[in-house]
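Worksheet for the structure shown next.
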Amino acid sequence: MTALVAGLTLPLLAAFAAIALPMRARVPAALLGAGLTLAASLWLAVVVWQTGPVTLSLGGWQPPIGIALRADGLGAALGVMTALVMTAVALAARHEMAASVAGPRAGFGFWPLMLLLWATMNAAFVSRDLFNLYVVLELITLSAVALVAISGKAEAIAAALRYLLFALAGSLLYLAGVVLTYAAHGTLDISLLAARMAAPSDALALGLMTAGLLVKTALFPFHVWLPHAHSAAPAPASALLSALVPKASLLILLRLWFEAMPDLAAPAALLTLASLGAMAVIWGGLLALAQARLKLIVAYSTVAQLGYIFLVFPLAGGDGGAQVWAAGAWTGAIFQTLSHGLAKAAMFLVAGIYLVAMGSDRLSDLRGMARALPMTGFAFALASITLMGLPPSGGFTAKYLLMTAAFASGQWAWALVLAAGGLLAAAYLYRPLAAIFARESAVAPRAIPRSWQAIPLGLAVLSVALGLLSSVPFEFLQIGRPDPAAEGL
Amino acid sequence: MSLTLFALTGAALVGLGVYGLLARPHMLRRIIAFNLIGSGLFLFFGAAAARGTGLDPIPQALIITGIVVALSASALAVGLVVALARSSGTAYLPDEEGRL
Amino acid sequence: MADLATYLLTGLGLVFFIAGTVGLVRFPDQFSRLHALTKGDNLGLGFIALGVAFQAESWAQLAMLALIWVLALLAAGTVAQLVARAALTEQDKP
Amino acid sequence: MSVALDITLCALVLGVGWATVAGHGVFRAVIFFITYGLLLAIVWARLGAYDVALAEAAISAGLTGVLLLAAHGRLRRLNASQEVPLHLNLPAAVVAVGIAAGLGWAWFALPAPTAPDLSQALPQSGVGNPVTAVLLNFRAWDTLLESVILLAALLGLWMLARDHAWDKPLGLPYHARPGGVLASFGRVLPPIGLIFGVYLVWAGADTTGGAFQGGTVLAAVCLVTIMAGVLHAPRVEQAAWRAALVLGPGVFVLSGIAGAVFAQGFLALPPALAKPAIVTIEAALTVSIAVTLVLLVIGPPDEGEQDA
């Protein structure tokens, strides 16, 4: 209980301290807050591991009146991943976003925005109330747009404005669905909605909410805003934006389809979601192939990697009855979410180091960086293994679970998409890897402290470790897993 | 009877806002369109809340929260539009400038 | 009797509002429009407030109506001045 | 009789809404939008939701209108306010009619209303006004996040400043003529506005009003004093303003933690202490909301027009 509350309030208090305190006390206060929140997230995971899902009705009021929070295996696991990525970004930002380096404005704004984003991500993972999730999504959007606009360049402002445009459209679509749901059932709590009497307007409400969340997750037709926003932001902010922000709206989508309204999962809807995911995998991969800048390749790779997770809908669906493979598909999708978060953050932090060291992230300027900064080259390689889905990385475990579910359920088409996606990832990641590990000795880059280089390496190693020691996370994710995820939608 | 009237007005306002959002590329107009859609949705929500015996206070609180959220988003959007105009001389997104 | 007074006074107030709007539409330049609008609407609001005052049940509501009218007068007068000054400086620019 | 009033009101709202979207010129759209907000406030009063009517008029019509007007003024000076005339965009019209028709159909397809029963919860909430009870007691977590959203929007706005203007005062320098109409208005209005704003917050516990509506009125008064030159626009590095920004959300979070430690859960208000706790939270929230709204309207640190 207190772990859950600490996970929500500590980053908020640290953000307020980072705003109100005088100049030299801000970064220490922010780092202290980050450390405490990391501890709170790990403590919550231990509590959930020992005693099962933790439920808390805020203010002591039960759901139809109050808001309920529930930390199950999925929420706690994403909380730990967020904590690890946030701590790594905070340590990297100490070097890159220091007021002396990035200027007084970015130095002032980055820390509170990062901590506010962290608090709202923790809130998104545990909230059970649809309108509360709308407010959380809006706060995530505002902090993320501010993080994009922090770099101050003209294209960053245009990218931030386009991002805000799409995100507000998505929020309003989601809000329309929430309004219809409350008007029909008088409650907004996910558990109460699961036990509701179906109303004819529910399909429209779920459709509107899904459309809104797809826009915010930047799934295929709505992905246009993501690459420029994520590459225009400063590298630590890009790591947060790509690794974490889409996961919040994705998690709400999973909660809606698997916990709030599983009875509305028509096969046609599941098919559309998965085919959009498949097109995202292919389209994102192709566009990543065509990019010349490292940050743009990594940003388009986000569009592709997010597509895999949408394959969970038909795979965990199956055609009714208890399917043994459904649990594997659902857990595979969560493994992909977790390992992608860690690997993508590592990649963007490496790109940030190269930008500081060489002044540019064009592939032609990064030839031979592995010889100059060996740890970063190794980190980028490990992260690429995860994104390609090669053993023993977490990405491989995810693809393995999804593929077995695809073959067991006879839907081999999705297995084909998984294989094609893996090949495409190998293709678009080969060019940066070839440049970084080139034989030529790079022109002398600026000296980068080894402690800074170790941060992305740590994240990349964690994303691979997720595959090596995958039995513990696998059991962890089964805690409080929704029933439809077991026997299919 | 008047509740249906208000609800249908809300729905029509949402439609108007969506049309304004898609058909008018000027960014300041798009912020106005977002506010139109939001207020139309809230009007629909308020009419739905008034259907029962008394006026259900929970939707009223949600609507006030929604209005303040809409203000914050509009404030940031307006700031971004002014910054865009200052840095690139136009209040249109880069790819939509062609229509000017 | 009170209702009759209310009908009469609010009716009169409406007439002044219409006069103000006609002035806004018909008058040639900004300053005469401002003049018509501020005068017409303030008087119109005064009459409507007076008319509604007949329906008031308590002194507090009467005081509230008077306060509304005074604040509206203060705001309308100031805004009219500021718009006129802005229009003046706009004219003097080349 | 009242249905006729509702019909005319709805016709007016839709007409002004259409003029906002279809009229030519962005300035016309902004002015019609403010009119639309005020008409909508009357519709909310007709529905009996007076708190929402106040919020709609003060925040949605008033403050958003001021933001849009100020932005249009800046765009006009940067000659970025001209636009292409409206040509009928068929796909947009189809999507718009589709969504509106969907909502319209949903209205008739809604089952019987099942509002949650607050009758036994309200007496323990500590306040008379049910909306304030929901905002500050039952769903306090929403309101806390909402005040943090205002803070995040302000931080985002400050990030749009230029680096060399970071230590300059916020927003454009206002130069009201000394002794002029605005200067005197800026001295006459504040006492009345202050009393009215504080009354609105205090009355929010039992009748219409609340922290957000009262905070908006106080923000408007503070804006007028800054424009009149009575008060000087603050700088980012002035600690007092930044402390006021985080006062509201900070007190809210700390009272939530106190609830977790002493009462039975996070954000829990024991019925005996509920009223004083809510009043303190609302007072702190009002200060933060008023300051944040003022700084949102003034804008990021700026050194004035020579940058145009």
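No lab work stands behind these numbers, since they all come straight from the coordinates. Bear in mind that the values here come from a model prediction, so they are computed numbers and not experimental data. Glycine also receives a Cβ, built like all others from the backbone with ideal geometry; neighbour counts cover every protein chain displayed.
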Shape metrics for region A:280-488, restricted to C-alpha atoms - Rg then Dmax, Å: 18.1, 63
Inter-chain shielding of D:66-77 (mean C-beta neighbours from other protein chains, 10 Å cut-off): 5
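Let me check against my output: what whole-number percent is the relative contact order of region B:2-87, with C-alpha pairs under 8 Å and at least 6 apart? Before the final figure, lay out each step's value.
Details: 79 pairs, mean separation 27.1, N = 86.
Relative contact order here is 31 percent.
Sort D:286-295, A:336-345 by the packing proxy (mean of other Cβ within 10 Å over each peptide's residues), most packed first. If you can, show how the numbers build up before the last one.
On the way: D:286-295: 26.0, A:336-345: 28.7.
Descending mean neighbour count gives A:336-345, D:286-295.
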P(r), alpha carbons of region D:64-216 - 10 Å bins starting at zero, rounded %: 8, 16, 24, 27, 19, 6, 0
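Convex hull over the alpha-carbon atoms of region D:235-308: what's its volume per residue in Å³?
Numbers: hull volume 6.7 nm³, N = 74.
Per residue, the Cα convex hull of region D:235-308 comes to 91 Å³.
Please average, across the residues of A:12-25, the number of beta carbons from any other chain that are within 10 Å of each residue's own beta carbon, and give a whole number. Provide the component values of the computation, followed by the final result.
Working: counts 10, 6, 0, 6, 12, 2, 1, 10, 10, 4, 3, 2, 0, 0.
Mean partner-chain Cβ count within 10 Å for A:12-25: 5.
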Size of charge dipole - region A:280-488 - debye, nearest 20, with Cβ of Lys, Arg +1 and Asp, Glu -1, no other charges: 880
Proximal lysines to D:K168, defined as alpha-carbon separation beneath 26 angstrom and excluding residues fewer than eight positions away on the same chain: A:K153
When the convex hull of its Cα atoms is projected in every direction, mean area for chain C (nm²): 6.3
Alpha carbon centroid spacing (whole Å) that separates region D:192-207 from region A:77-140: 36
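Using the alpha carbon gyration tensor of region D:118-308, what are the three equivalent-ellipsoid semi-axes (square root of 5 times each eigenvalue), largest first, in whole Å?
Values: eigenvalues 247, 80, 24 Å².
Computed over region D:118-308, the values are 35, 20, 11 Å.
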Furthest towards positive pole of dipole, B:A50, B:S72, B:A85, structure part region B:6-100, Cβ charges: B:A85
Lysines with Cα under 20 Å of A:K399, excluding same-chain neighbours fewer than 8 positions away: A:K247, A:K344
Dipole axis of chain D (+1 Lys, Arg; -1 Asp, Glu on Cβ), positive-most option in D:T20, D:F108, D:L223: D:L223
P(r) weight above 44 Å for the protein assembly as shown, C-alpha pairs, percent: 31
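When the Kirkwood radius is taken over all Cα pairs of region A:2-118, what Stokes-Einstein diffusion coefficient follows at 37 °C and 0.692 mPa s, in µm²/s?
On the way: Rh = 15.1 Å.
Diffusion coefficient, whole number: 218 µm²/s.
Rg/Rh for chain A: what does it come to with C-alpha atoms and Rh from Kirkwood?
On the way: Rg = 21.2 Å, Rh = 22.3 Å.
Computed over Cα atoms, the ratio is 0.95.
Charges at C-beta only: +1 for Lys and Arg, -1 for Asp and Glu. How large is the resulting dipole of chain B about its Cα centre, in Debye rounded to 20? Display every interim value, and only then the final one.
Values: 6 positive and 4 negative charges, 27 e Å.
Charge dipole of chain B: 140 debye, to the nearest 20.
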Whichever aspartates and glutamates have a C-alpha closer than 16 Å to that of A:K216, once near sequence neighbours (fewer than 8 apart) are set aside: A:E138
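Could you give the size of the charge dipole of chain A about its Cα centre, using +1 on the Cβ of each K and R and -1 on the Cβ of each D and E, expressed in debye and rounded to the nearest 20? Before the final figure, lay out the partial values.
Numbers: 24 positive and 16 negative charges, 316 e Å.
The calculation lands at about 1520 debye.
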Highest to lowest packing among A:154-164, A:365-375, scored as the average C-beta count within 10 Å: A:154-164, A:365-375
Average projected area [Cα convex hull, region D:1-114], square nanometres: 9.4
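May I ask you to work out the translational diffusion coefficient for region B:2-87 at 10 °C, viscosity 1.306 mPa s, via Stokes-Einstein with Rh from the Kirkwood sum over Cα pairs, reported in whole µm²/s?
Numbers: Rh = 13.9 Å.
D, rounded to a whole number, is 114 µm²/s.
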Residue-averaged 222 nm ellipticity for chain A, from DSSP H runs of 4+ at -39500 (n - 2.57), nearest 500: -25000 deg cm²/dmol
Partner chain coverage, peptide B:47-54 - average Cβ within 10 angstrom: 6
